[in-house]
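**Q** Provided herewith is a single structure, encoded as structure tokens, for subsequent inquiry.
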Amino acid sequence: MQSVFRFRKSSFSNPEVECVEIATNIPDIVAIRDSKIPEGPIIRLAPTPWNAFREALVTGTFNR
């Protein structure tokens with residue numbers, strides 16, 4: 001299934017240090033990978049946990 005994901009780089013990524021890509025083109029799956037290792041592992045989440053994770057990062061409540 002890895003080849004069907006259409007990844008895009010996060011707007012917050014730093015190309016030399018933090019390179020995160022996500023794919024949302026498959027219904028009910030959010031795929032996340034390290035753009036420096038495109039053949040590497042992919043984390044797959046349902047949209048609800050992804051949205052909770054993203055919201056925690058954006059609001060700064062992830063570390064609480």
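**Q** Rounded to whole Hz and in sequence order, give me ³J(HN,Hα) for region 36-43 from the Karplus expression 6.51 cos²θ - 1.76 cosθ + 1.60, θ = phi - 60°, writing x for Gly and Pro.
**A** 6, 10, x, 8, x, x, 10, 8
**Q** Under a Cβ-only charge scheme (Lys and Arg +1, Asp and Glu -1), can you give me the dipole magnitude of region 1-49 about the Cα centre, in debye to the nearest 20?
**A** Working: 6 positive and 6 negative charges, 27 e Å.
Magnitude of the dipole: close to 140 debye.
**Q** Can you list residues whose amide H is under 5 Å from S10's amide H, if they're 5+ apart or on another chain and H is modeled 1.01 Å from N?
**A** Hits under the 5 Å cutoff: V20, E21, I22.
**Q** Ignoring any ligand, DNA or RNA, what whole percent of the accessible area of region 1-44 comes from carbon and sulfur when the probe is 1.4 angstrom? Intermediate values should be presented prior to the final figure.
**A** Numbers: 1740 of 3150 Å².
Ligands and nucleic acids excluded, carbon and sulfur give 55 percent.
**Q** So, one more: With the other protein chains left in place, how much accessible area per residue, in square angstrom, belongs to the chain at a 1.4 angstrom probe?
**A** Working: 4810 Å² over 64 residues.
Each residue of the chain exposes 75 Å² on average to a 1.4 Å probe.
**Q** Here's a follow-up. Along region 46-61, what does the Karplus equation 6.51 cos²θ - 1.76 cosθ + 1.60 (θ = phi - 60°) give for ³J(HN,Hα), rounded to whole Hz, x for Gly and Pro?
**A** These are the phi-based 3J(HN,Hα) values: 6, x, 5, x, 4, 5, 5, 4, 4, 4, 5, 5, 5, 8, x, 8 Hz.
**Q** Next question. When only alpha-carbon atoms count, how far does the chain stretch along each of its three principal axes, as whole angstroms with the largest first?
**A** 35, 30, 18
**Q** Using a 10 Å Cβ count of at most 10 others and DSSP loop calls, identify the longest part of the chain lacking such GluC sites (Glu not before Pro). Spell out each step's value before the answer.
**A** On the way: sites that count: E16, E39.
Between exposed loop sites, the widest span is 40-64.
The values are calculated or read from the model by the stated rules, or taken from the named source; none is laboratory data. Not measured: the values here are computed from a predicted model. So basically every Cβ, Gly included, is an ideal-geometry build from the backbone, and we count neighbours across all protein chains shown. Areas reflect the complete protein model, heavy atoms only, side chains present, ligands, DNA and RNA absent. Shrake-Rupley method; radii C 1.70, N 1.55, O 1.52, S 1.80 Å.
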